[in-house]
Amino acid sequence: MMERMDLRPSFPSTLYVEVAVPLPIDHPFTYRVPPGMEERAKVGVRVLVPFGPRKVTGLIVARVDGSSLSGREAKPVLAFLDDEPYVTPRHLTFLSAAAGECLAPLGEMLRAALPRGLPRKDAPPAPRTETVFGPAEGGDDGPATPKQRQVLAAVREAGEISAMDLSLRVPGGADAARRLASKGRLVAMLREKPAVFSAERLPDMSGEITPTSHQEAALAKIGVALASGKFAAFVLHGITGSGKTEVYLRAVEQVRQTGRQAVYLVPEIALTPQLLGRVASRFGGEVAVLHSGLSPAERTAQWRKVRAGEVFLCVGARSAVFSPFPAPGLFIVDEEHDAAYKQGEGIRYQARDLAVLRGKMENAVVLLGSATPSAESVRMTRTGEATLLSLPERIGGRELPGISVVDLSGRSSLRGADRYFSPELESAIEETLARGEKVMLFLNRRGYAPAITCLDCGQTVHCRNCRVSLTFHQQQDILLCHYCDSRTKPPERCAACGGHKLAQVGIGTERLLAWAAKRWKEARVARLDSDVSRRRGAYGEILSRMHSGEVDILVGTQMIAKGHDFPEVTLVGVLLADLSLSFPDFRSSERTFQILTQVAGRAGRGDRPGKVIVQTFSPEHVCIRAASRHDFAGFMEEELAGRKALGYPPFGRMLLLRLWGPKADRALQAAQEVAEALAEPVAAMGIRLLGPAPSPIPFVKRKHHFQILLKMPERFPVGDFFPPLLRPLRDLVRKHGVRMEADVDPYHMMV
Ligand code: ADP
Ligand code: ZN
């Protein structure tokens, strides 16, 4: 009798993998691993997979056996792009959790978190050599432009300096040096590039610094937490100049002793040249710095060094929270209150919150530092989630400047400059200049005038693509939309009535500069805002002019408020404190308090006392009164009480669903259907649903915007509850030709 044959194949059942693709799709896709390739199908490896008619790069996020698959055969993986995981499984776990918190598809989170998204090919290796300049015999003789003279001096002083360092010191310095070298007035050499990091090193004073008793106390607590190897969060509250950075650097030293790594987040890396100098002098080359000036190849190279643990510190802006260190033990978030930590488009993650999340997952210490801690962080210190550390005094005991508030409301009938230069501010500027000291004038609006209005019919010139008025930028002679960036020539006549009397209404930094230059003809004036700094090297150029005392009046936006230390500035004028107050956003009061405190901190940093004048139409507003008294505690008590009464963060969570599309009726219908679908399930959880309603700016970039706001109790598990609800809704809105974006705990409520 014949034996019955087993016809099933003898090899184990087919292996499948779940692959995340960098597209706005909520779930991973299942692919079949070709026989014999099982070994290569590791979690975290990049793969090439068929996707509709295309091939895309994806990342393996899980291995699965086929038993759970429905009958349909999965497509095969076409190629495995890595031998070893491109993203370690441990890091992938964090990125998945982060995606969940942000209600974002994992694939999109990968695109945001990895150096160049999920590239199919690796970037070419970063160049290994760099140009170095040295002095040449007789090079200083002969004619030279001012820039060339600066370059010659810098090279002479340094002895030898790389092109990159030279450009940091003298804007455009590398190009000037190349020209000088071609004339034989400098020597140019090619040399091997140093491993990672080179910044102008400041002399390392750490050996001479004895921590103050407050710093000592803070470091002791941080040290105990680091040694325990468990999660702990600290809020380091200290006014500017109280020694916070010194605490951060020593904490980094502490974590280094434990063999783990540190991530150091700053709001904007370009605005921190002094910090980079301090880091370089203390830690030398074993540091990665992620900044926007890196080429893709350099970025990838940095990322690999971080992943391999070849460096122990990574400094960067918000995306550095994704640094793939093997064992991060410390996350520092400097100026943790800064709105720059919230990503403003795409995946709207909040890097500070992700640092806390990752700290918990990694059993790491999280250190949130600020002169004006956010309501969220203060709340954490009250609930016991974080420990408060205080540095209540300035190093060297310098006093905070006196702040006086000037009521502008009596001046609204005045025209032109008189409206914005109160007699108090005017005489303070005069006195300051007469003493040979410097002035900073702060106005949080760039351009010349925020509106162009017809004096005959009252019409304001609007953007074609957005329902907002256009800002006049005099230097470029254009009308610019601050929402879609479209630019048009200023019209000769009113489009509505044909009238010729078009008035520039209101004030921006350009106009403020023009008025200041006209009033104080002898004074040397300069402006610093994002229009100026966009020009390559302009930012560094103005800072170095400020440092060498060549600017008497510096006009600017928030950019002048951040971090700088100009000892000769003894007067800071805030032209219109109300600008940040008028946003339809529950954080506007807090933000105004923070800005005023930060700007005020620029005055009187040298040996002479500083003075601040705050002009406002709302002198009685709590944030202005409190800021003028340096009363953080008083402000925060009122702020927290107000938020609690309304259930706003940190006493509740919010989810803003934004929907937009080219047709208003379809966008509204999609929004209504989403709201209807959500109504019952969210009501059952005690969640309030508001809307749909048109967004505060309902028409942007030719799209109609609507929003739905959901208000949840504190600690509501947003990442668990919403994804299954939202998944079918994404398909629903897509059928209407509408896009939908989820913004958890939103900051930018405008669009
Ligand atoms: P913050 O970050 O709070 O603005 P920093 O850490 O930058 O403060 O300190 C301000 C200045 O005081 C820096 O120049 C720093 O080197 C110096 N400094 C910090 N701590 C001490 C200390 N314990 N003794 C002397 N100087 C200090
Ligand atoms: Zn526009």
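Nothing in this text is a laboratory measurement; each read-out follows from the coordinates by a stated rule. In this text the structure is predicted, and so the values were computed from the model without any measurement. Note that we place each Cβ from the backbone using ideal geometry, even for glycine, and neighbour counts take in every protein chain shown.
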| query | When N counts the residues of region 293-427, how does its alpha-carbon radius of gyration compare numerically with 2.2 N^0.38 Å, as a ratio? | reply | 1.52
| field | Amide H within-cut-off set for LYS611, under 5 Å, with H built and near neighbours excluded | value | LEU571, VAL572, GLY604
| Efficiency of FRET between ALA495 and ARG702 - r from beta-carbon atoms, R0 22 angstrom, step 0.05 | 0.75
| field | Most to least packed among 320-332, 398-410, 620-632 [average Cβ atoms within 10 Å] | value | 320-332, 620-632, 398-410
| note | For the pair THR488 and GLU522, the simple spin-label estimate (label points 7 Å beyond Cα toward Cβ) gives in nm 4.6 nm
| query | Per residue, how much space in cubic angstrom lies within the convex hull of the C-alpha atoms of region 445-507? | reply | 77 Å³
| note | Given the candidates PRO650, THR30, VAL224, the one whose Cα lies deepest towards the positive end of the charge dipole of the chain, counting +1 at each Lys or Arg C-beta and -1 at each Asp or Glu C-beta, is THR30
| remark: Applied in sequence order to region 619-631, the curve 6.51 cos²θ - 1.76 cosθ + 1.60 (Karplus, θ = phi - 60°) yields integer Hz couplings, x standing for Gly and Pro, of x, 8, 4, 4, 6, 6, 4, 5, 4, 5, 9, 6, 9
| query | Cα atoms only, the chain: Rg and Dmax in Å? | reply | 28.6, 116
| request: Find the percent of Cα-Cα distances in region 519-674 that exceed 25 Å, and round it to a whole number. | output: 48 percent
| query | If you line up the long axis of helix 423-434 against the longest principal axis of the chain, both from Cα atoms, how many degrees apart are they, to the nearest 10? | reply | 80 degrees
| request: Among the lysines, select those whose C-alpha is under 17 Å from the C-alpha of LYS305, and discard any that sit fewer than 8 residues away in the same chain. | output: LYS193
| Once Rh is set to the Kirkwood radius over Cα pairs, what Stokes-Einstein translational diffusion coefficient, in µm²/s, holds for region 632-751 at a temperature of 4 °C and a viscosity of 1.567 mPa s? | 86 µm²/s
| request: Round to the nearest 10 and give me the degree value, 0 to 90, for the angle of helix 296-308's Cα axis relative to the longest principal axis of the chain. | output: 60 degrees
| query | HN-Hα J couplings of region 47-61 from phi, Karplus 6.51/-1.76/1.60, θ = phi - 60°, integer Hz, Gly and Pro as x? | reply | 9, 9, 9, x, 9, x, x, 9, 10, 10, 8, x, 10, 6, 10
| message | I want to verify the translational diffusion coefficient of region 383-529 in µm²/s; compute it with Stokes-Einstein, Rh as the Kirkwood radius over Cα pairs, at 4 °C and 1.567 mPa s. | response | 70 µm²/s
| query | Once both labels are modelled 7 Å past Cα along the beta-carbon direction, what's the VAL224-ILE395 spacing in nm? | reply | 2.5 nm
| What number in nm² do you get for region 197-336 if you take the convex hull of its Cα atoms and divide its surface by four? | 8.1 nm²
| field | Estimated 222 nm signal from helices in the chain, with DSSP H stretches of n ≥ 4 weighted -39500 (n - 2.57), rounded to 500 | value | -10000 deg cm²/dmol
| query | If you wrap region 485-570's Cα atoms in a convex hull and average its projection over all directions, what's the area in nm²? | reply | 7.9 nm²
| task | Mind scanning LYS147/LYS521; LYS342/LYS711; LYS244/LYS342; LYS562/LYS663 and naming the pairs with a C-alpha gap bigger than 31 Å? | result | LYS562/LYS663
| What size of dipole, in debye to the nearest 20, comes out for the chain about its Cα centre when the only charges are +1 on Lys and Arg C-beta atoms and -1 on Asp and Glu C-beta atoms? | 1860 debye
| query | How are the C-alpha pair distances of region 697-751 spread across 5 Å bins, as whole percents from the shortest bin up? | reply | 4, 14, 24, 24, 20, 11, 4, 0
